[in-house]
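Engineer: Got a structure for you, questions after.
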Amino acid sequence: HILDTTPQQIELRAGDGIRELVFFNDLKPQINRIIKVDSSDLSKPIANAKFEIKAVNGSFGPVEMTTLEDGTISLENLPVGAYVVTELSCPGYVIDDAQRIIELHANDKAQFVFTNSKLPSLHLMKVSSDGSPLAGVGFQLSKIEDGSKYLDRTTGITGEILWEGLEPGVYSLKESFTVEDHILDLRESHVELFAGKVSE
């Protein structure tokens, strides 16, 4: 509760009996819930997302907290004032980089909802000229803006490769080696990956 510092005065006279003074206390505000959900399914909570919570005037925090299995964080008994909630990390998802700022008054119960999209994936299917899946072919994937990092993979029995957990952006894809009885495809392909989507 919040301390009520307003003084009250009362005059006591002989014969008045018992007199009463009433002091009212407001509840300290609380961030009832920070809720973390998947943007593709708002009923799906996301656990292990890390947040920083702090009061703008420095009276609280900063503290780092992680969402529970139900995708929530709760905070009680906070000082009255403005608060900033910032998402720091969310494994497997693109971070919601929007900060949420809210003014908390006495008796308030605030709620923040953060939605995140999954990191993009790239699905590659390699086929021979007759349309059959081609196993044992190597590919080199690199993000255009950072061409020094390569994600090399080789097609499996189904002629497929799946890269998961990639950052959104434009990627370069090149065939690096092929099987003995086929000719190497020297063309370079560019593909843009978007949060929450699987590109092919």
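Engineer: Given 5 Å bins starting at zero, what is the percent of C-alpha pairs of region 144-184 in each, up to the one with the largest pair distance?
Structural biologist: 5, 15, 27, 24, 15, 10, 4, 0
Engineer: A further question on this structure: Quote the Stokes-Einstein diffusion coefficient, in whole µm² s⁻¹, for region 93-145, based on the Kirkwood radius over alpha carbon pairs, a temperature of 37 °C and a viscosity of 0.692 mPa s.
Structural biologist: Answer from the Stokes-Einstein relation: 196 µm²/s.
Engineer: Also, I was wondering about something else. Counting C-alpha atoms alone, how compact is region 1-63: give Rg to one decimal and Dmax as a whole number, in angstrom.
Structural biologist: 23.1, 73
Engineer: Given Cα pairs under 8 Å that are at least 6 residues apart, what percent is the relative contact order of the chain?
Structural biologist: This gives 18 percent for the chain.
Engineer: Roughly how far apart, in whole Å, are the Cα centres of region 53-86 and region 1-18?
Structural biologist: The distance from the Cα centre of region 53-86 to that of region 1-18 comes to 37 Å.
Engineer: Compute the Rg to Rh ratio over the chain from the alpha carbon atoms, using the Kirkwood formula for Rh, and round to two decimal places.
Structural biologist: 1.34
Engineer: Also, I was wondering about something else. Where does each of L42, L151, L193 land when they are ordered by accessible area, with a 1.4 Å probe and the largest first?
Structural biologist: My answer, sorted largest first, is L42, L151, L193.
Engineer: Find the percent of Cα-Cα distances in region 87-196 that exceed 24 Å, and round it to a whole number.
Structural biologist: 43
Engineer: Using per-residue counts of other Cβ atoms within 10 Å, averaged over each peptide, order 155-164, 32-41 from highest down.
Structural biologist: 32-41, 155-164
Engineer: In addition: On a C-alpha basis, how far is the centre of region 115-139 from the centre of region 170-200 in Å? Whole number, if you could?
Structural biologist: If you average the Cα positions of each part, the centres end up 8 Å apart.
Engineer: Take the Cα pairs of region 35-102, get the Kirkwood Rh, then feed it into Stokes-Einstein at 4 °C and 1.567 mPa s and tell me D in µm²/s.
Structural biologist: 103
The values are calculated or read from the model by the stated rules, or taken from the named source; none is laboratory data. This is a predicted model, so every value here is computed, not measured. Virtual Cβ from ideal backbone geometry, glycine too; neighbours counted across all protein chains shown. We work out accessible area using only protein heavy atoms, side chains counted, and drop any ligands, DNA or RNA first. Shrake-Rupley method; radii C 1.70, N 1.55, O 1.52, S 1.80 Å.
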